[in-house]
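Input: a single structure, listed below in structure tokens.
Nothing in this text is a laboratory measurement; each read-out follows from the coordinates by a stated rule. These numbers were taken from a predicted model, which means no experiment stands behind them. Quick reminder, even Gly has a Cβ in these numbers, built from the backbone with ideal geometry, and neighbours come from all protein chains shown.
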Amino acid sequence: MQTEMIRIKVIGWDDGDGLLQYNVALSNGETATELSVYGYDDMFKQFGQELADFPQNIESRIKFCPMEDDDSKWANYLQFEVFCYAPNGAAAMRVQVRDGYETPYYYRCEFFILTVPATLNRLGEQLKRWNPREGMEFVCE
């Protein structure tokens, strides 16, 4: 069985436009997915800061979605949504990915990673400090 894991790896350097190509691999121990996305070297910093400060209250929700248009058929789609689902502070990260391929190569995946705020805070602290131009891989298990 797989373990819960978030791995972000730089697999392509910018060609003058400043964009990096990332491979993002995620697992909740039962379901796993992998997706390639493009973004700048600070792409995950704001999300890391929001995770480090999560939750502000039991209603807190934070979202990471570098591409707002899930209907776009030309690009890969990645979204994380973090929220508390119980009064005791139990939290979850909703993972949604979709590739931009045509049928029959197309895929879409959605699952949840169950966790607690302290784990999300540690993830956020690590993520906001990560510089993908210095360390090509970020792993959190």
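Structural remarks
- Couplings 3J(HN,Hα) for the stretch 134-140, derived from phi with the Karplus relation 6.51 cos²θ - 1.76 cosθ + 1.60 (θ = phi - 60°), are 9, x, 6, 9, 10, 10, 9 Hz, where x marks Gly and Pro.
- Counting neighbouring beta carbons within 10 Å and listing from fewest to most, the residues MET93, MET136 come out as MET136, MET93.
- Placing unit charges on the Cβ atoms only, positive for Lys and Arg and negative for Asp and Glu, gives the chain a dipole magnitude near 360 debye about its Cα centre.
- Length gained on full extension, TYR105 to GLN49, computed as 0.36 nm times the residue gap minus the Cα-Cα distance: 16.7 nm.
- Structural descriptor for the stretch 4-140: relative contact order 26 percent, calculated from alpha carbon pairs under 8 angstrom and at least 6 residues apart.
- A simple spin-label model places pseudo-atoms 7 Å from Cα toward Cβ; at THR115 and LYS9 they are separated by 2.0 nm.
- Over every Cα atom in the stretch 4-140, the radius of gyration and the widest Cα-Cα span, Dmax, amount to 15.0, 48 Å.
- Per residue, the chain reaches -4500 deg cm²/dmol at 222 nm when only DSSP H runs of four or more residues are counted, each adding -39500 (n - 2.57).
- Note on TYR77, TYR105, TYR38: ascending count of other Cβ atoms within 10 Å places them as TYR105, TYR38, TYR77, the fewest first.
- 3J(HN,Hα) along the stretch 101-116, derived from phi through the Karplus expression 6.51 cos²θ - 1.76 cosθ + 1.60 where θ = phi - 60°, amounts to 7, 8, 4, x, 9, 5, 8, 9, 9, 9, 7, 10, 10, 7, 7, 10 Hz, with x in place of Gly and Pro.
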